[in-house]
């Protein structure tokens, strides 16, 4: 990794932190006149107290004229997802297919937007799957409880079956009633005769 100072003095302190507008103008004007090349040499030649890596990233990500500003469009997002599915985290290679976008911008967008959204969707599907499984389990238990009769249901079913098996006999309505040979009010006398007693013994089976 290149960490040598950008100026010509070997003992000069390397500047860190945000770039100033003056530094930006020095870098822009130097590249416009001499072009880019070896970044360590460019930094020293331009008189910038920056590392070669810092000068390169500043130019590629912010200062070059073809850098595209603004949010990444839905079309670019779809392309990023398709290219990432093929090449993974090869951001520099992906950036070549998105004119004006830098590899650092694409990497940050993937990690903060796309990947985060995909992780949330995965958690939501896992939670929904667990709730569906629990609901299915409850439905299965309800169906089983309905299919298996309890003791009271079995008792009612047994009684219904017994009622269906036994039915009392039906008698004809015009069945002649039994008339015993006893004296009635219409009789001429209230004293039983021998014939009456004899008839009573025959009814009781004592006639043998």
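For this structure, a couple of remarks:
- Residues that are part of a loop (DSSP other than H, G, I, E, B) and without any contact (Cβ under 8 Å) to a residue 40 or more places away in the chain, drawn from region 22-71: 35, 36, 37, 38, 64, 65, 66, 67, 68, 69, 70, 71
- Tallying residues that are surrounded by fewer than 17 Cβ atoms within 10 Å (Cβ to Cβ) and assigned to a loop (DSSP other than H, G, I, E, B) within region 73-109 yields 8.
- Number of residues in region 10-46 that are modelled with pLDDT under 85 and either within 23 Å of residue 66 (Cβ to Cβ) or in contact with a helix residue (DSSP H, G or I) (Cβ under 9 Å, 6 or more places away or on another chain) (or both): the value is 2.
The values are calculated or read from the model by the stated rules, or taken from the named source; none is laboratory data. Fair warning: this is a prediction, and the values are worked out from it, not measured in the lab. Here Cβ is always computed from backbone atoms with ideal geometry, including for glycine, and neighbour counts include all displayed protein chains.
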